[in-house]
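Written below as structure tokens is the structure these notes are about.
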């Protein structure tokens, strides 16, 4: 069974990420206050992005992935800014191999 991963812009400016088998029905539920507790408190909501998947479990997996993204990364996805999305995906931790201090060969 197919499914969708979607991102809503809520009235408070926050993004809500979800997944569903029926996007039109789910949008109606959100707008009627029958959706998630978060969207119910921040109506109205606006659909700003969605992806279609052949299987609902793939949509659910994608939802969980995108939920953990920063606001900037979600906005890059929404705006289809692939170069910015790529840059925001890079690890910035000091322990990442690209950010570790370079060792210089010792000189005698």
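The values are calculated or read from the model by the stated rules, or taken from the named source; none is laboratory data. Just so you know, these numbers come straight off a predicted model, no measurement behind them. Here the Cβ positions follow ideal geometry from the backbone for every residue, glycine too, while neighbour counts run over all protein chains shown.
Tell me yes or no: at least one residue of the range 89-100 is buried (at least 17 other Cβ atoms within 10 Å of the Cβ) and either assigned to a helix (DSSP H, G or I) or modelled with pLDDT of 95 or more (or both). Scanning the range 89-100, I find no residue that is buried (at least 17 other Cβ atoms within 10 Å of the Cβ) and either assigned to a helix (DSSP H, G or I) or modelled with pLDDT of 95 or more (or both), so the answer is no.
Taking residue 74 as the residue in question, decide whether it is modelled with pLDDT of 95 or more, surrounded by fewer than 12 Cβ atoms within 10 Å (Cβ to Cβ) and outside any loop (DSSP other than H, G, I, E, B). Spelling it out, it is not the case that residue 74 is modelled with pLDDT of 95 or more, surrounded by fewer than 12 Cβ atoms within 10 Å (Cβ to Cβ) and outside any loop (DSSP other than H, G, I, E, B). Given the condition outside the structural domain of residue 80 (by TED's automatic domain parsing), touching a helix residue (DSSP H, G or I) at 6+ places or on another chain (Cβ under 6 Å) and in a helix (DSSP H, G or I), answer yes or no: does some residue in the range 31-51 qualify? Checking the range 31-51: at least one residue is outside the structural domain of residue 80 (by TED's automatic domain parsing), touching a helix residue (DSSP H, G or I) at 6+ places or on another chain (Cβ under 6 Å) and in a helix (DSSP H, G or I). Within the range 1-45, the residues that satisfy the criterion of being surrounded by fewer than 16 Cβ atoms within 10 Å (Cβ to Cβ) and closer than 14 Å to residue 75 by Cα are 13, 14.
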